[in-house]
1. What's the extension gain from residue 38 to residue 70 if we count 0.36 nm per residue and subtract their Cα-Cα distance?
2. Within region 22-46, which residues have the backbone N less than 18 Å from the label spot 7 Å out from residue 55 along Cα→beta-carbon, could you tell me?
3. What is the gain in length, in nm to one decimal, between residue 62 and residue 27 on full extension, counting 0.36 nm per residue of separation less the C-alpha to C-alpha distance?
């Protein structure tokens with residue numbers, strides 16, 4: 001696990017961490033769209049929309065030439081950045 005992922009996890013406020021349902025195992029470095037959707041209680045399509053809008057950073061592992069279907073993986077640090085920016 002990268003130091004930046006650990007640091008982002010540690011930087012979350014106490015209020016954010018009091019919801020264990022939002023946390024992933026700290027050893028995870030990449031998350032699936034459906035995992036993030038489940039944690040944030042939103043649809044997978046909404047997570048994809050956040051990615052397409054640039055609000056949630058992700059990697060399309062299908063490659064640049066795959067125009068029909070996208071296979072996103074969300075870096076854990078991007079997930080925690082999104083949480084930090086979008087929670088009170």
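The numbers here are math on the coordinates, done by the rules we state, and not lab data. Since the model is a prediction, treat every value here as computed from it, not as a measurement. Don't worry about glycine lacking a Cβ; one is built from the backbone with ideal geometry, like all the others, and counts go over all protein chains shown.
1. 9.6 nm
2. In region 22-46, the label zone of residue 55 (backbone N under 18 Å from the point 7 Å along Cα→Cβ) covers 33-46.
3. So the extension gain works out to 10.2 nm.
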